Amino acid sequence: MGTIKAVIFDMDGVLLDSETISDRTCIMAAERLGLVLPPDLLDLCRGMNSKDLRSTVIKRMGSSFPYEDFLSLSSDLFYQVEKEEGIPLKPYAKEILEYLEPKYTLALASSTKGEAVKRQLATANLIMHFKTLTTGDMVTHGKPDPEIYRMACESLSLDPSECVAIEDSPNGIKSAHNAGMSVIAVPDRIVPGKEEKSICMRVVGSLKDLESVFP
């Protein structure tokens, strides 16, 4: 790890347990609208920004799918749960940031919109650990496209080869790898397949396990 200068984290499913809430509120929204979501749809969309998310859902569900109504309701439900219950931290999230911060520059690359990223990180008392935040509304194409990770590296004035990405989803793993970065996977809702494992520098079981990767 001698050439590594920065560690760039994904947020949802890596630092915050927001994927659990997102799945829950998407299912609730679908039920209220009388819709049935295919079992693979939520996993297919993990890590995408809003623009790519729309095109993916419409392609999978057909042009008659009431996407705007579904998005609006699921977003309202998510915000309601966030406000009433909060978004739990993933185990060891704050501790690993505190462990890494003296050794590396830390940044964030999240497909979530910037306003929500700042609010959620501030509420979780994590935002002060990151030098830069690169968010889904800053890029044209979200993960698995490499744009967001390339932009995150540029925000630090570093080459991608000098940065490691911490990701949980196949889309995120591919995005960072295609940007020219090393990738460490900390799986959340999806176990990486053979393809994802082959492009990861390491697959670990938890954020605490990163201490052994960055001694």
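The values are calculated or read from the model by the stated rules, or taken from the named source; none is laboratory data. Everything quoted here is computed from the prediction, not taken from an experiment. Cβ atoms come from the backbone with ideal geometry, glycine included; neighbour counts cover every protein chain shown. Surface accessibility is based on the protein's heavy atoms, side chains included, excluding ligands, DNA and RNA. Shrake-Rupley method; radii C 1.70, N 1.55, O 1.52, S 1.80 Å.
Brief remarks follow.
- Gaussian network model of the chain, springs between alpha carbon atoms under 10 Å - residue of LEU156, LEU71, LEU33 with greatest fluctuation: LEU33
- Sequence of LYS94, LYS131 from largest to smallest accessible area, 1.4 Å probe: LYS131, LYS94
- Surface exposure of the chain, expressed per residue as accessible area with a 1.4 Å probe, stands at 47 Å².
- Considering only PRO102, PRO192, PRO146, the mean-square fluctuation computed in a Gaussian network model of the chain, springs between alpha carbons under 10 angstrom, is largest for PRO102.
- In the elastic network of the chain, a GNM with C-alpha springs shorter than 10 Å, the most mobile of ALA179, ALA93, ALA116 is ALA116.
- Cross-link partners of LYS208 among aspartates and glutamates (Cα-Cα below 15 Å; sequence separation of 8 or more within a chain): GLU95, GLU98, GLU101, GLU167, ASP168, ASP188
- The fraction of accessible area contributed by carbon and sulfur in the chain is 51 percent, rounded to a whole number (1.4 Å probe; ligands and nucleic acids excluded).
- Projected onto planes of every orientation and averaged, the convex hull of the alpha-carbon atoms in region 123-215 covers 6.6 nm².
- Within the chain, antiparallel bridges make up roughly 5 percent of the DSSP beta bridges whose residues both belong there.
- Between the residues PRO91, LEU106, CYS26, the greatest Cα displacement towards the positive end of the dipole of region 1-124, with unit charges on the Cβ of Lys, Arg, Asp and Glu, is found for LEU106.
- Diffusion of region 47-153 by Stokes-Einstein, at 37 °C in a medium of 0.692 mPa s and with Rh set to the Kirkwood radius over alpha-carbon pairs, works out to 211 µm²/s.
- C-alpha long axis of helix 18-32 to longest principal axis of the chain, angle in °: 10 degrees
- ARG189 sits among other residues whose Cβ lies under 9 Å from its own Cβ, and their net charge, with Lys and Arg +1 and Asp and Glu -1, is -4.
- Between helix 67-85 and the chain: long-axis angle, C-alpha atoms, 0 to 90°, nearest 10: 60 degrees
- Normalised per residue, the volume of the convex hull around the Cα set of the chain (Å³): 110 Å³
- With all protein chains in place and ligands, DNA and RNA left out, the 1.4 Å accessible area ranks SER206, SER64 as SER64, SER206, largest first.
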